Every structure is written in C-alpha cells, then in structure tokens.
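Asks: Below are the structure tokens for one structure; questions will follow.
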Ligand code: GLU
C-alpha cells in the first residue's frame, strides 16, 4: 500500500503515536502541532555571471515554551516550508528530550550550494540575515549549521547581524572558534551519535569491537561518527556521499578517508575501496546502519531488505513512518534522530552559554558534559521503553512531549 504523507504529516504521525500513549488532551495537542511562527523571505543575489537570481529563504519557529527557539539552517534545492516545518518540530522534541532550555526552529534557503561560488554564498547568507534577522535574537531564536552550512556561514551571519544589532556572538552557534565558537562543536553531532550507538549496541547485544558499520553520508556528521566509532573498535565497511559509495569488506581506512574528505569535501578521488551505490549501501550486510545525510532514505521500498540489526538516525528523519513500522515489525532496533543526533544542539547550548558569559570552556569539559547528557537521556528513554513496552522513538517522543506539554500548560495564556 502506497501512502504519501508530506514531511510534516510524517513527523506529526510520530508525535501522535507517542501523544496517544501518554494521553495528551486534544487542546494541548493542537497547540503542540501548530508552529508558533513561519517566515518566508525573498533573497535576491547578483550572481558572478552578472544576472540576478531570486532565492527563497524560510524560518519556522515551532515552539518556544521551554526557551529560545533553536535549530539549524540548511542550503539545499529541496528546502521548502513543509520540510522546514517538520525539522523545526523535531528540534522542539530534541531539545526537550535532552532537557536543554531551548525550543525548536529550523530554516533554510532553496538553492544548490554546490553550483555557487563563495562570494555568491556569502551574499546569499548576508541578504538572508538582513531580511530574517528581525525574527531572531539571543533570547528568541538562534540558528546553527545544518545540511551544507558550516562555521564560515555562521561567521557571516554573526557579522551581518552584529552590524545592525550590535556585537552578538551568541546569535548563532557553530561559529569558528576565533569568533566565539565552542571547542568540540564541530565534532559534537558525530560524537553524540557515537555515544548513542555505543549505548544502544550494548543493550542490543552488539559488541562494538569488530561490529560492521555502514554510514550513508560522509559530511560533518557522518565523517565524525565514522572516526569516533572506529576509535571505539568498530569496522567501517562502507560509506557514501552524493558522489557515490566506497566498500571494503575488511574495513575502510577511516582516518585517511576522514582527512581526504575534510580537505576535498567529498569522498570522491580517495582511490581505495570498491565502488558502491547509495541505494546498495542501505541494504548492505552489516551490523549497524547509520543514515547521516538527508531525510526519507529508508522507506517502504527498501525497509524489508535492510540487513542491519540496528539503524542509528544520525540524519534528521531518514526513515519514513511506514519504513519505521516495517523495521519495528522486523525487530530491527532504531535509535531515533531526536536522541541520536542531539549532541550537536547540546554543544550549541554550551556555546550559547559560553557566549552569554563571555567565557570559554575547554574541550574536555565540553565532551564530559556532552557524555553526561547523552547517557542520562539514553537511560531515561530506555526506562520508559521497559515500563511502557514501546519502541525507542516512541519513548523519546513521550518524554519530550510531556515536557513541552507541561511548560505550555504552566505558561497558559489561552
Ligand atoms: N542542525 C542541527 C540539528 O539538526 C543542530 C542544531 C543546533 O545546533 O541548533 O540538530
């Protein structure tokens, strides 16, 4: 049966499933499912060719009852309101789940950054900031990196915003260290994914030493995840990115591949391993599959062919609701995005705290605090799984929804 849900409907399905178990009443449900504010702006940029292109930029602020709204900005041809709305909602649940004092937001610009020069990207980012900045604020909404955005993009935002509103490093997180970025932020999402994988593998009876891992997507999140998991003893047998995939039965040399990718921003040209397609990577024979790129890659069309014992969602929404139901039915453990990739926003929180206090933490302190939050959250989630006999995703959503529902009710105003 083919059922076509848009991204936001998909996310709300997951929400409803957990809200049903905890018995959230209809009034609060309506509030929690409706985004607080949505902004769309026109972003005209003069291209290097001399022509003007008009891009569209979005920001959805989903819920701010627990604190300033927080979430990344992505640059991608498929960015639209539906996708951004769904990702903003996930940020609300993610920040609530790890219990940091933020709400959820997300934004993006519909563009193809791979076809744009640095100058064009800078103009795009600055124009977007000028037009969207009114909706942001240190105590209102704080953007961060996401797909195809990085520390340089955050530096442009910080500079552009500060020109109008005064020096405000904390307006974005994921900045370069020299401009108030946090030690450990660049690696944080991958570090968090590796901690989540380590905890869940232990309970699933998978020994990480020697575990065969396949990673789809080798950008910031996928590459750091591979590096940390291989340091924990796992064998990374396959990785892929937009250029295609690489496979080595005995394991890829992850350190070299990491360095190659860091320099060239693609695994292409690495010169080791056998070629593999992105589709084949998903169904490869492995113990742990880690989708770390875009949404919707595990669906009703390939979920039955997955051979992994465990899937760790390093990307946001890599599994559709039907794909998820199939994996659950097949007994494959799914470590959900709102837990698995929460390390990024957790260290963004540390960065924001450091900016507000004009202080710098050392990297060990950042990593110790991150480890504590990830392990504490994992223990809270598994306690609910055992008590209520629900999958990990539902348990994670239950904790998050309850926290946001409580603060909405306490704040009232309706
Ligand atoms: N874009 C990341 C995410 O999806 C990080 C967000 C942030 O640090 O605010 O969680």
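Asks: Given the conditions (1) within 16 Å of the ligand (Cβ to nearest atom); (2) touching a helix residue (DSSP H, G or I) at 6+ places or on another chain (Cβ under 6 Å), report the number of the one that residue 143 does not fulfil.
Replies: The one condition residue 143 does not meet is (2).
Asks: What are the residue pairs meeting all of these: first residue in segment 347-359, first residue over 14 Å from residue 370 (Cβ atoms), second residue more than 13 Å from the ligand (Cβ to nearest atom), Cβ atoms under 6 Å, and 6 or more apart or on different chains?
Replies: Final answer for the pair search is 355/169; 355/180.
Asks: State yes or no: is residue 333 within 16 Å of the ligand (Cβ to nearest atom) and over 25 Å from residue 181 (Cβ atoms)?
Replies: The answer is no for residue 333.
Asks: What pairs come out if I take residues in segment 165-189 that are closer than 13 Å to residue 356 by Cβ and pair them with residues that are within 11 Å of the ligand (Cβ to nearest atom) and part of a helix (DSSP H, G or I) whose C-beta lies under 6 Å away, six or more apart or interchain?
Replies: 170/352; 173/348; 173/351; 173/352; 182/347; 182/350; 182/351
Asks: Same structure again: Mind listing whichever residues of segment 254-265 are in contact with a helix residue (DSSP H, G or I) (Cβ under 9 Å, 6 or more places away or on another chain) and modelled with pLDDT of 95 or more? Quick ask: steps written out before the conclusion?
Replies: Step one: list which residues in segment 254-265 are in contact with a helix residue (DSSP H, G or I) (Cβ under 9 Å, 6 or more places away or on another chain), which gives 254-255, 257-258, 261-262.
Across segment 254-265, the qualifying residues are 254, 255, 257, 258, 261.
Asks: I'd like to check something: does segment 99-120 contain any residue that is under 30 Å from residue 353 (Cα atoms), touching a strand residue (DSSP E or B) at 6+ places or on another chain (Cβ under 8 Å) and away from the ligand (no atom under 16 Å from the Cβ)?
Replies: No: zero hits.
Asks: Within segment 202-233, how many residues are free of Cβ contacts under 8 Å to residues at least 60 places away in the same chain and under 14 Å from residue 310 (Cα atoms)?
Replies: Count: 4.
Asks: If you don't mind, another one. Look through 226, 222, 205 and report the one residue that is within 28 Å of residue 381 (Cβ to Cβ), part of a loop (DSSP other than H, G, I, E, B) and modelled with pLDDT of 95 or more. It would help to see each step written out before you state the result.
Replies: On the way: 226 fails: part of a loop (DSSP other than H, G, I, E, B); 222 fails: part of a loop (DSSP other than H, G, I, E, B).
Being within 28 Å of residue 381 (Cβ to Cβ), part of a loop (DSSP other than H, G, I, E, B) and modelled with pLDDT of 95 or more holds for just one of 226, 222, 205, which is 205.
Asks: State yes or no: is residue 376 surrounded by fewer than 19 Cβ atoms within 10 Å (Cβ to Cβ) and touching a helix residue (DSSP H, G or I) at 6+ places or on another chain (Cβ under 7 Å)? Before the answer, list the steps.
Replies: Numbers: surrounded by fewer than 19 Cβ atoms within 10 Å (Cβ to Cβ): yes; touching a helix residue (DSSP H, G or I) at 6+ places or on another chain (Cβ under 7 Å): no.
No: the conditions fail for residue 376.
Asks: Do we have residue 384 as in contact (Cβ under 8 Å) with a residue 60 or more places away in the chain and in a helix (DSSP H, G or I) here?
Replies: No; evaluated as a whole, the condition is false for this residue.
Asks: Mind telling me which of the residues 374, 359 ends up being part of a loop (DSSP other than H, G, I, E, B) and out of contact with any strand residue (DSSP E or B) (no Cβ under 6 Å at 6 or more places or on another chain)?
Replies: Numbers: 374 fails: part of a loop (DSSP other than H, G, I, E, B).
Matching residue, one of 374, 359: 359.
Asks: Please determine, by comparing only the residues of segment 345-360 that are away from the ligand (no atom under 16 Å from the Cβ) and within 11 Å of residue 182 (Cα to Cα), which one is farthest from the chain's Cα centre (by Cα). Even if it seems obvious, please write down each step before you answer.
Replies: First, the residues of segment 345-360 that are away from the ligand (no atom under 16 Å from the Cβ): 357-360.
After this cut, where a residue has to be within 11 Å of residue 182 (Cα to Cα) as well, the list is 359-360.
Details: 359: 26, 360: 24 Å.
Within segment 345-360, the match that is farthest from the chain's Cα centre (by Cα) is 359.
Asks: If a residue counts only when it is surrounded by 20 or more Cβ atoms within 10 Å (Cβ to Cβ) and touching a helix residue (DSSP H, G or I) at 6+ places or on another chain (Cβ under 6 Å), which strands (runs of 3 or more DSSP E) contained entirely in segment 280-344 have at least 2 such residues? Write out each step before concluding.
Replies: Numbers: elements: 288-291, 310-312, 333-335.
The qualifying strands (runs of 3 or more DSSP E) are 333-335.
The values are calculated or read from the model by the stated rules, or taken from the named source; none is laboratory data. This one's a predicted model, so the numbers in the text were calculated from it and none came from an experiment. Cβ coordinates were reconstructed from backbone atoms using ideal geometry, including for glycine residues, and neighbour counts include every protein chain displayed.
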